[in-house]
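The values are calculated or read from the model by the stated rules, or taken from the named source; none is laboratory data. Please read all numbers here as calculations on a predicted model, not as lab measurements. As a convention, Cβ positions derive from the backbone with ideal geometry for all residues, glycine included, and neighbour counts pool all protein chains shown.
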Amino acid sequence: MAISFAVRIISFISEAWVNSPFDPPSPAYKVDFKGDNRTFSKDMENASYRTVQQINFKFDNNSGDWNKYAKTGITTERLTNRNTGKVTYSTGQASVSGITAKLDASHLLGENSDWIRVLCEGAVADPLIGVAPAVNYKFYVYANKQGKIELEGMHDGYPSFEVYAQVNGGTWQNIYLFEEQTVASLFPPMEIKGVYKTRYII
């Protein structure tokens, strides 16, 4: 019998607006970036995000396979003239080229013990700032035919991260939730190391 699993890795900024960590074009200006203004959410259709990466696993009586997709959110910059109060906005969207996934290892013989492990990496920077540090993560995502999901790796201390999994298109279940630190934690290196979570979702 065929069975499928999906694992989704999401990064998001909790605040509504975040002051730029870089100096404005002149002291007369204040630069802010729009956040996602939310807490953890399984509302995959409506929850705002910075990056999304999903790995889909499928096992059947003969073997197994996996595929991937990724997307990035819209970046909005707000530039405020402190002297006049005039506000202007700029928008951009980062490429998904910095979000990658590749097969790390697998055991696929059409048995109940079949499994697949994929290396997922993210390095996506603010498209409106040429020197902006990237949102970085590196996770090994494992799924086996019996419904065991494992997440292992590291990531930046900013922004927030959430990882969910589902079986056969069902309800999303928590795998890993991380509440962001400060914007300074976006800069290298990745501070949050030794992440390891495991859960049976069947």
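Asn112 fulfils the conditions (1) exposed (fewer than 14 other Cβ atoms within 10 Å of the Cβ); (2) touching a Lys or Arg at 6+ places or on another chain (Cβ under 7 Å); (3) farther than 23 Å from Gln166 by Cβ except for a single criterion, (3). Scanning segment 55-105 for residues that are assigned to a strand (DSSP E or B) and among the small types (Gly, Ala, Ser), we see that the one that is surrounded by the most Cβ atoms within 10 Å (Cβ to Cβ) is Gly64.
Does Val87 satisfy the criteria of being touching a helix residue (DSSP H, G or I) at 6+ places or on another chain (Cβ under 7 Å), farther than 30 Å from Thr198 by Cα and modelled with pLDDT of 95 or more?
No.
Of all the criteria given as (1) touching a residue at least 60 places away in the same chain (Cβ under 8 Å); (2) among the polar types (S, T, N, Q); (3) closer than 19 Å to His155 by Cβ, the one not satisfied by Asn61 is (3). Residue count for segment 26-48 satisfying the condition of being buried (at least 19 other Cβ atoms within 10 Å of the Cβ) and in a loop (DSSP other than H, G, I, E, B): 2.
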